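The values are calculated or read from the model by the stated rules, or taken from the named source; none is laboratory data. Quantities reported herein were computed from a predicted structural model and do not represent experimental measurements. Positions of Cβ are generated from backbone atoms using ideal geometry, with glycine treated the same way; all protein chains shown enter the neighbour counts. Side chains are part of the model used for accessible areas, which takes the heavy atoms of the whole protein and leaves out ligands, DNA and RNA. Shrake-Rupley method; radii C 1.70, N 1.55, O 1.52, S 1.80 Å.
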Amino acid sequence: MIKFLDLHKINLQFEQELKVAANRVIDSGWYVMGKELETFEQNYAEFCGTKFSLGVANGLDALRLIFKAYIELGIINRKDEVIVPANTYIASVLAITDNDLIPVFVDPNINTYNLDSSRIEEAITPKTKAILTVHLYGQNSINDQMLAICKKYDLKLVEDSAQSHGAIWKEKVMGSIGDAAGHSFYPGKNLGALGDAGAVTTNDETLSKTIEALRNYGSLNKYENIFKGLNSRLDEIQAAFLNVKLKYIQKDILERRRVANYYLQNIKNSAIIMPSVIEEKGHVWHLFVIRIKKRDELQTYLKNNGIQTLIHYPIPPNKQNAYKEYAHLSFPITERIHDEVLSLPLSPVMNVNEIEEVTEILNLFT
Ligand SMILES: *Cc1c(COP(=O)(O)O)cnc(C)c1O
């Protein structure tokens, strides 16, 4: 069977180094907020090209903490509105509503699956304080029009960079373009820990200091609490694993592009809509998402041929039980995306035979 994502095989590449890293942490006797985290934060800030990087417990917390910090700083107030793509993963929306902010869903662009800048302005009200743009599937979602809108209406631009580590727009790495960005290192992400982990990147020193306190009970100095904070820290052992894996991320991106480019050039089936790539460097292929009317049929056919696929995502956030208050809203493009998308196997460790097999079987589907 061709697996959607073989995490064991991915981490096996770094087995020796990961074991050395784990032993180092075990032997150190220091497990939370220590040298490994400090090193990772420096490495990751350098990778993104930002002044600050703060390790946190996961990607959802990274985004939650950004909004929480803006509220603490009085830049955003409870019940203010945040624009978010209607087709994002639910975590983007949870980060907004958990802070008692209002998500304003905007239908995405049907070709890129990312926020459609031409639809943002009509969603802006006097309550709008931020845009949470999501680099979905690994592709940059920012453009000049979006930046101009943020400037014109004085909106904070927050990047959900959970799927886009290392993607580039105009020489800048995702996570360094907006005012702040949340990153996830969930095991299945392009830069994955061996458990949960996340980070915030920003060039804003005040925001960075606020989040540094908020992730640690609202405290910068032990037993002195300046905010009502959370416990959302990145463990030493995960930071040590991430220090290993970060060294190989550029190589991984090239491997992912190798698979994606093969698919793009060789999948030839008129029923299938292939992903649109705006700029080669702007996409790091967290997911290779095709669209097809007979999606469920294709998924069953692939499964019967030993190919595992997934759907990202089957239900839009506003149609989830968790968000009944937004169920009446209708987003035609989002709904179409959720009915038609299918994610093909793609990882840096896929071999040529597997890629060819997926392609051949897809080309035979009628
Ligand atoms: C994975 C993901 C998150 C949440 O990250 P976790 O580390 O799983 O909490 C947020 N946004 C998007 C787009 C994601 O894919």
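Working only with C-alpha atoms, what are the Rg and Dmax values of region 1-160, expressed in angstrom?
Computed over the Cα atoms of region 1-160, radius of gyration and Dmax are 19.0, 57 Å.
Which percent, nearest 5, of DSSP beta bridges in region 120-275 are antiparallel?
If I count the DSSP bridges inside region 120-275, around 55 percent turn out antiparallel.
Which aspartates and glutamates have a Cα less than 18 Å from the Cα of K293, not counting those fewer than 8 places away in the same chain?
Straight-line reach from K293, under 18 Å: E335, D339, E340.
From the Cα trace of region 82-155, what convex hull volume per residue do you get, rounded to a whole Å³?
79 Å³
Counting other Cβ atoms within 10 Å of each Cβ, which GluC sites (Glu not before Pro) in region 240-312 have at most 16 and sit in a DSSP loop?
The qualifying sites are E279.
In a shell of Cβ-Cβ distance under 13 Å around I75, excluding I75 itself, what net charge do Lys and Arg (+1) and Asp and Glu (-1) give?
Here the count lands on -1.
Report the one residue of T39, V84, G74 whose Cα lies farthest in the direction of the positive end of the charge dipole of the chain (charges on C-beta: Lys and Arg +1, Asp and Glu -1; origin at the Cα centre).
Comparing the listed Cα positions along the dipole, V84 ranks first.
Filter the chymotrypsin sites (Phe, Trp or Tyr not before Pro) in region 168-226 down to the DSSP loop ones having no more than 11 other Cβ atoms within 10 Å, then list what survives.
Of the chymotrypsin sites (Phe, Trp or Tyr not before Pro), the ones in loops of region 168-226 whose Cβ has at most 11 other Cβ atoms within 10 Å are Y223.
Restrict the search to region 216-264; then list the trypsin sites (Lys or Arg not before Pro) that DSSP places in a loop and that have at most 13 other Cβ atoms within 10 Å of their Cβ.
Here the trypsin sites (Lys or Arg not before Pro) that fit, given the DSSP loop and packing criteria, are K222, K228, K247.
Rounding to the nearest 20 debye, state how big the charge dipole of the chain is about its Cα centre with +1 on each Lys and Arg Cβ and -1 on each Asp and Glu Cβ.
160 debye
What percentage of all Cα-Cα pairs in region 249-364 are separated by more than 19 Å?
It works out to 51 percent of all Cα pairs.
In percent, how large is the relative contact order of the chain, given Cα pairs closer than 8 Å and 6 or more residues apart?
With pairs under 8 Å counted, the relative contact order is 23 percent.
Strictly over 18 Å apart at the Cα level, which of K68/K209; K189/K245; K9/K281 would you flag in this model?
Too far apart for the 18 Å limit: K9/K281.
Considering only the other residues whose Cβ falls under 14 Å of the Cβ of T359, what net charge follows from Lys and Arg at +1 and Asp and Glu at -1?
Cβ neighbours under 14 Å give a net charge of -2.
Quick one: P(r) of the chain from all Cα-Cα pairs, 20 Å bins, percents rounded to integers, in order of increasing distance.
30, 57, 13, 0
Can you give the charge dipole size of region 77-131 about its Cα centre, rounded to the nearest 20 debye, using +1 on the beta carbon of Lys and Arg and -1 on the beta carbon of Asp and Glu?
140 debye
Heavy atoms only, probe 1.4 Å: what % of the accessible area of the chain goes to carbon and sulfur, would you let me know?
In the chain, the share of accessible area belonging to carbon and sulfur is 51 percent.
Among DSSP beta bridges whose residues both lie in the chain, state the antiparallel percentage, nearest 5.
That works out to approximately 60 percent antiparallel.
Quick one: accessible area per residue over region 249-364, 1.4 Å probe, rounded to a whole number of Å²?
49 Å²
Using the heavy atoms of the protein chains and a 1.4 angstrom probe, tell me the accessible area per residue for region 100-213 in square angstrom.
Accessible area per residue, region 100-213: 33 Å².
Once you order the gyration tensor axes a ≥ b ≥ c over the Cα atoms, which shape class does region 1-74 get: rounded for a/c under 1.5, otherwise prolate or oblate by comparing a/b with b/c?
oblate
Could you let me know the centre-to-centre spacing of region 239-316 and region 181-221, using Cα atoms, in angstrom?
27 Å
Can you compute the helix-only [θ] at 222 nm over the chain? Use -39500 (n - 2.57) per DSSP H run of at least 4 residues, normalise by all residues, nearest 500 deg cm²/dmol.
Using -39500 (n - 2.57) per qualifying helix, the result is -11500 deg cm²/dmol.
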